[in-house]
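Before any comments, here is the structure.
The values are calculated or read from the model by the stated rules, or taken from the named source; none is laboratory data. Computed from a predicted structure; not experimentally measured. Here the Cβ positions follow ideal geometry from the backbone for every residue, glycine too, while neighbour counts run over all protein chains shown. Please note that ligands, DNA and RNA were not included when accessible areas were found on the heavy atoms of the full protein model with its side chains. Shrake-Rupley method; radii C 1.70, N 1.55, O 1.52, S 1.80 Å.
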Amino acid sequence: MDIQDAADHAIRAWYETDSPPEVDTDGAKTWGTFLPVGEPDRFKSACSERGVTYVQGLAQALTLWLDTHPSPSAPLVKQPVVRVIVANQKGGVGKTFISSGIAQALAEAGHRVLLVDYDPQGHLTAELGFEDLMYEDGETLMMHMDGTAHGDIHDLLVALDDDMFGGRLHLLPASDDAFLRDVVLSRVNFSEAALERALEPLEADYDVIIVDGPPSLGPNMDTALYYVRRREGELEDRSGVITPVWANRASHRAVRLLKAQKDDLCTKGRIQVDYLGLVINAYDSRRGKLVQENKDEWEKSAAPPVLAVIGDLKEGREAADGEVPLLVYAPESEHAQVMRDLAKELAV
């Protein structure tokens, strides 16, 4: 719930209400929020015209709002589908492991989830047992992005049919033309929005769309970052970027490069992309003092915050090698529980 939005809506409704009842404000606690530019002066003027104090007018507005919105868990504005990219151009840090694990946990919890394999290498597609689909003839995500597809993008989807997912978890597989994506995007008008245009027909069917990002910077990454930007009316830190890292200096450099690209895209495109947080993956304190120091440095950072620390355990690797979803292979494992905890971090 966004308190600023609630107060703004409450005041606007108060303007349209004749003679609202007086509210007892004795003993009420002090609180504050921002309002749109010019709104405080307009509101104070209206209070003067009605012969009530500023505090009384605000109390009336909020009381009216609470009376007509008995369930504060429901946002004032319908929110778009949650869109998350698990991104780091550094390979091998666990992008596929984390994007797949979070998606499985969300589906297990009852949410409708779409996993998009946006990595040209197709590790996600292969590890979930659909590698053969990467080499089939027919339309691909790339064709829906560049406008050459004629069919329905729904036809590309495959379901993970394990009972625990209840038909709620689908995959949009990688395809072998994805290696050409940077070249193809250079010929597409407003290429940053190409992924959004392709996925738009799917959004109404899902609560969350998770993109397993490419291991590179450039137009391919720009397109994915643009897709998870904060849309008009969307709450802060609802959609955005999650970055898996290791506790080493190379990961620190990689995050700086990714953040620089994100910030550059935001400046040039006049958009906002929220950084939801970092996940320290494959951590083992036995690897030495420097590993521990790097982990501590990550955890001291407030922006982006560390969402979880995942130990270097075997279950994730075994599930991937066996082409079985982690929560099916080892549902009671520490890895599986971390994925459930990460899923709860998302504002679904």
Eigenvalues of the alpha-carbon gyration tensor of segment 75-234, times 5 and square-rooted, give semi-axes in Å, largest first, of 22, 19, 16
Would you mind working out the magnitude of the charge dipole of segment 1-135 relative to its Cα centre, with +1 at each Lys and Arg C-beta and -1 at each Asp and Glu C-beta, to the nearest 20 Debye? 260 debye
On Cα atoms only, tilt of 54-68 relative to the major axis of the chain in degrees: 60 degrees
Portion, in percent, of the accessible area of the chain that falls on carbon or sulfur, probe 1.4 Å: 50 percent
For segment 129-236, which trypsin sites (Lys or Arg not before Pro) are both in a DSSP coil and crowded by at most 14 other Cβ atoms within 10 Å? Arg187
Rg in Å to one decimal, and Dmax rounded to a whole Å, for segment 132-182 via C-alpha atoms: 12.5, 38
Which whole-Hz ³J(HN,Hα) couplings does segment 107-115 yield from phi under the Karplus relation 6.51 cos²θ - 1.76 cosθ + 1.60, θ = phi - 60°, glycine and proline marked x? 5, 4, 7, x, 8, 8, 10, 10, 9
Each residue of segment 334-348 in order: what ³J(HN,Hα) in whole Hz does its phi give by Karplus 6.51 cos²θ - 1.76 cosθ + 1.60, θ = phi - 60°, with x for Gly and Pro? 4, 4, 5, 5, 4, 5, 5, 5, 5, 4, 5, 6, 7, 7, 8
Under the 0.36 nm per residue contour assumption, what length would be gained going from the current alpha-carbon distance of Asp237 and Ala28 to full extension? 72.2 nm
Just flag the trypsin sites (Lys or Arg not before Pro) in segment 268-348 sitting in loop per DSSP whose Cβ has no more than 12 other Cβ atoms within 10 Å. Arg270, Lys314
Label-point gap, in nm, between Ser19 and Arg253 - each point 7 angstrom along Cα→Cβ: 7.4 nm
Taking only Cα atoms of segment 191-243, what ratio of Rg to Rh do you get with Rh as the Kirkwood inverse-distance radius? 0.94
Once phi is turned into θ = phi - 60°, what whole-Hz ³J(HN,Hα) does the Karplus curve with 6.51, -1.76 and 1.60 give for every residue of segment 150-167, x standing for Gly and Pro? 10, x, 8, 5, 4, 5, 7, 7, 10, 9, 8, 8, 5, 4, 5, 8, x, x
With log10 I(q)/I(0) by the Debye sum over Cα atoms at q = 0.12, 0.13, 0.14 Å⁻¹ in mind, check (1) -0.90, -1.00, -1.10; (2) -1.10, -1.15, -1.19; (3) -0.97, -1.12, -1.27 and report the label derived from this structure. (1)
Using modelled amide H (1.01 Å from N, peptide plane; none on Pro or chain starts), what sits under 5 Å from the amide H of Ala174, excluding residues fewer than 5 places away? Asp117, Thr125
How much of Glu345 can a 1.4 Å solvent probe reach, expressed as accessible area in Å² and rounded to 10? 110 Å²
Give the Cα extents of segment 193-309 along the principal axes, in whole Å, largest first. 49, 29, 24
Rg/Rg_ref, segment 1-145, where Rg_ref = 2.2 N^0.38 Å and atoms are Cα: 1.73
Can you pick out the pairs among Lys259/Lys300; Lys78/Lys268; Lys95/Lys344 whose Cα atoms lie more than 20 Å from each other? Lys78/Lys268
Tell me, what is the per residue accessible area of segment 1-154 in Å², probe radius 1.4 Å? 52 Å²
